[in-house]
1. State the percentage of accessible surface on region 191-238 attributable to carbon and sulfur atoms; use a 1.4 Å probe and exclude ligands, DNA and RNA.
2. Over its Cα atoms, what ratio of radius of gyration to 2.2 N^0.38 Å does the chain give?
3. Region 86-151: which GluC sites (Glu not before Pro) are DSSP loop and have at most 13 other beta-carbon atoms within 10 angstrom?
4. Could you tell me how far the Cα centroid of region 136-191 sits from the Cα centroid of region 234-279, in Å?
5. Taking a label point 7 Å from the Cα of Asp233 along the Cα→Cβ vector, which residues of region 177-216 have an amide N closer than 17 Å to it?
6. Amide H neighbours of Cys214 under 5 Å, at least 5 residues apart or on other chains, H built in the peptide plane: list them.
7. Could you point to the residue in Val171, Leu181, Ser207 farthest towards the positive end of region 159-225's charge dipole, with +1 and -1 charges on the Cβ of Lys/Arg and Asp/Glu respectively?
8. Treating cross-link reach as a plain straight distance, find the aspartates and glutamates whose alpha-carbon is under 20 Å from the alpha-carbon of Lys180, omitting any fewer than eight places away in the same chain.
Amino acid sequence: MLPHARANPHNPVFTILQLLRQAAGGDVSGQDICRQLHVSRTAIWKHMHALRGLGYEISAVPHRGYRLLTSPNAPWGLEVVPLLQSRSLGRDLIYLPEVESTNRFLERLAEDGRPEGTVVVADCQTQGRGRMGRAWFSPPGQNLYFSLLLRPGVQPQAVPSLALAMGLAVVRVLHKSFAKLDLGLKWPNDVLLGGRKVAGILCDMQSEIDRVRCVIVGIGLNVNVPSTALAPDLRRTAVSLRDVVAQEISRPQLLAALLLECEHVYDRWQKHGLQPFLHELETWSVLQNREVTVALPERQVRGRVAGITATGALVLELPGHRRQEILSGDVHVLPGWKR
Ligand code: BTN
């Protein structure tokens with residue numbers, strides 16, 4: 001069995017793992033497993049062998065049975081699907097040990113008509129992409145890199161507001177899962193932890209002039225990568241959850257929680273747009289009321305951040321009581337100016 005097999009709850013290894021997990025560290029007799037699955041002892045033995053090959057530690061004691069000792073911290077279907085509470089997001093979950101970019105991979109599936117809710121998650125990316133053509137550092141075995149396929153019936157100009165809403169979903173999950181983290185959102189969609197970047201969101205879309213065919217929401221989250229593994233220039237600006245909470249974090253649990261929250265946020269955004277999220281977005285925003293400069297393609301503007309509009313633009317107050325809405329750009333906070 002390959003770890004990148006599409007999550008299939010009818011696969012016997014799903015049932016075997018379920019039985020072992022239900023025993024909660026106790027033994028499950030081979031006879032019980034055979035009875036439940038209607039297969040031979042040899043077949044069970046082969047499945048156990050395959051699971052061990054994937055990194056599951058399973059003990060086998062004659063006359064007592066099998067016991068699950070440890071499971072790999074991998075965001076594949078065998079681990080994630082049993083934890084899913086989302087209605088649609090991730091019910092079609094594709095795990096890849098390696099891919100150039102989960103967004104790119106899912107874009108191709110979307111063109112072939114894959115349904116909304118499909119999720120691609122990879123253990124590592126060889127060409128992980130960030131905003132503005134930057135690279136996203138994507139080493140194996142540590143973090144979360146995943147993309148969601150959404151098919152909202154909206155116009156293309158609504159998509160930036162969806163990206164903001166998804167950033168809020170990430171902050172909500174981190175806030176709920178780990179107490180007392182110093183979290184923040186930096187427009188448009190950087191998630192910061194202690195002022196350094198812990199997650200980023202990249203939305204790609206396929207659209208006609210007035211209709212979106214699909215949006216691919218790509219989320220990268222530094223989960224367990226130690227800061228020592230980051231390149232020196234990244235070390236100043238990036239951080240992982242593990243660096244701060246000082247313990248290994250379960251990638252499957254975090255992914256399942258993120259998919260549920262992304263679904264909640266997406267459902268609400270589809271009905272009401274960004275409006276119901278604005279107050280919360282501004283509360284988390286590290287830019288709110290700060291003096292900033294924004295690099296636009298042909299010039300730089302400087303002003304005080306007054307908020308975010310329902311279309312997802314950043315509102316700047318400029319000298320002379322003028323206001324400017326920024327639709328895209330890199331924002332830099334000017335030092336020495338506090339809320
Ligand atoms: C950014 O902050 O610049 C956005 C980073 C987005 C990274 C994620 S990782 C999963 C998905 N696949 C990609 O190639 N990029 C996004």
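1. 53
2. Normalised Cα radius of gyration, the chain: 1.11.
3. Details: sites: Glu98, Glu100, Glu107, Glu111, Glu116; in loops: Glu98, Glu100, Glu116.
Here the GluC sites (Glu not before Pro) that fit, given the DSSP loop and packing criteria, are Glu98.
4. 5
5. It comes to 197, nothing else.
6. Correct list: Gln206.
7. Most positive-ward Cα: Leu181.
8. Straight-distance partners of Lys180: Asp190, Asp243, Glu248, Glu261, Glu280, Glu282.
The values are calculated or read from the model by the stated rules, or taken from the named source; none is laboratory data. Computed from a prediction, not measured in an experiment: that's the story for all the values here. Cβ sites come from the backbone with ideal geometry, for glycine too, and all protein chains shown count toward neighbours. Calculation scope for accessible area: heavy atoms of the full protein, side chains included, ligands and nucleic acids excluded. Shrake-Rupley method; radii C 1.70, N 1.55, O 1.52, S 1.80 Å.
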